[in-house]
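The values are calculated or read from the model by the stated rules, or taken from the named source; none is laboratory data. Computed from a prediction, not measured in an experiment: that's the story for all the values here. Heads up, the Cβs are rebuilt from the backbone with ideal geometry, glycines too, and the neighbour counts pull from every protein chain shown.
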Amino acid sequence: MIEIEFIKSPDLNLGKNFKIAGNRLAFGHSLEANLIINDDAICSAMFVVELHDFEIAVASFEKEREIFFVNSKKFSGKKKIVLNDIIQFGDTSFKLLAIEFTPDYDNKHKMSYNYKEILKNNIPYSDLLHELEKELILIQTLQNERTKR
């Protein structure tokens, strides 16, 4: 489980806190992200906060191009972080509030999207989001069946 608190962001649809089960939180512009953030100052399609071997790291998928800050210090690529560190990508900044390492969680639960939060904030789109969720589950099921063969 990873829990973060947003400090500032141009994306007005973000809540204050975000919590996700598993050992990886991917966010940015990519549809593969667990959390899509509308921040034009972010160049990369996706950033990741990841727990691996009981260590926490933040990384950009555009390792050399994308600059981010940890406690106001400039980095690119990958950087180990600790609880209460303040991370900034583009104009979005957040604090790492809590972590709980779950061995092998991500291999069992690849589709760990927080649809209830999205639906709560986007009532007019709830029917569309439900249909999209069904399609994504079907695609994931078909991919899982194909890899078992």
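Annotation: residue 98 fulfils all but one of (1) in a loop (DSSP other than H, G, I, E, B); (2) over 14 Å from the mean Cα position of the chain (by Cα); (3) within 30 Å of residue 132 (Cβ to Cβ); the unmet one is (1). For region 59-79, the criterion of being in a loop (DSSP other than H, G, I, E, B), under 18 Å from residue 97 (Cβ atoms), assigned by TED's automatic domain parsing to the domain that holds residue 98 and modelled with pLDDT under 85 is met by none of the residues. On the stretch given as region 80-91, residues that are in a strand (DSSP E or B) and either in contact with a Lys or Arg (Cβ under 9 Å, 6 or more places away or on another chain) or buried (at least 16 other Cβ atoms within 10 Å of the Cβ) (or both) total 5. State all residues of region 1-17 that are under 17 Å from residue 82 (Cα atoms) and either without any contact (Cβ under 8 Å) to a residue 60 or more places away in the chain or among the hydrophobic types (A, V, I, L, M, F, W, C) (or both); if no residue qualifies, say none. Matches in region 1-17: 1, 2, 4, 6, 7.
Every residue, every condition in (1) among the small types (Gly, Ala, Ser); (2) within 29 Å of residue 133 (Cα to Cα), yes or no:
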| site | (1), (2) |
| --- | --- |
| 41 | yes, yes |
| 46 | no, yes |
| 52 | no, yes |
| 77 | yes, no |
| 80 | no, no |
| 85 | no, no |
